[in-house]
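One structure below.
The values are calculated or read from the model by the stated rules, or taken from the named source; none is laboratory data. On a predicted model such as this, the values are computed, not experimentally measured, just so you know. No Cβ is skipped: glycine too gets one built from the backbone with ideal geometry, and neighbour counts run over all protein chains shown. Just so you know, the surface numbers come from the protein's heavy atoms only, side chains and all, with ligands and any DNA or RNA stripped out. Shrake-Rupley method; radii C 1.70, N 1.55, O 1.52, S 1.80 Å.
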Amino acid sequence: MKLELFYKESCPYCQKVLRFMEMNKIDDVELKDIVANPEFRDTLVEVGGKGQVPCLFIDSKPMYESMDIIKFLKERLN
């Protein structure tokens, strides 16, 4: 399963997801900062249909909303 988190540093919802990942030592998610690399934003819009972050791509399928992403990651821990 390929996991990619599209985010931006200034987004509080992204920070919530990133803190959860750090606290739970989740390090198998590829991080893609859409501000640092505009190509990531282009991919986010092209594949996901919108520029909303945070967005977790699960095998290229987008999942939005920080609480949904955290719930998904939490279930993987069990």
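Of all residues in segment 32-50, those that are open to solvent by 80 Å² or more (accessible area, probe 1.4 Å) have Cβ atoms under 9 Å from Cβ atoms of residues that are of a type in the set (S, T, N, Q) and not in a helix (DSSP H, G or I), 6 or more apart or on another chain, in V35/S10. Please work out if I69 is open to solvent by less than 80 Å² (accessible area, probe 1.4 Å) and touching a residue at least 60 places away in the same chain (Cβ under 8 Å). For I69, the condition - open to solvent by less than 80 Å² (accessible area, probe 1.4 Å) and touching a residue at least 60 places away in the same chain (Cβ under 8 Å) - is met. What are the residues in segment 16-31 that are among the charged types (D, E, K, R) and either surrounded by 17 or more Cβ atoms within 10 Å (Cβ to Cβ) or within 12 Å of E4 (Cα to Cα) (or both), if any? Scanning segment 16-31 gives D27, D28, E30.
Suppose we keep only residues that are out of contact with any strand residue (DSSP E or B) (no Cβ under 8 Å at 6 or more places or on another chain) and small (G, A, S) within segment 35-59. Which one would you say is nearest to L18 (Cα to Cα)? The extreme case among them is A36.
Within segment 11-27, identify whether any single residue is within 16 Å of L77 (Cα to Cα) and touching a Ser or Thr at 6+ places or on another chain (Cβ under 8 Å), and answer yes or no. Yes - at least one qualifying residue is present in segment 11-27.
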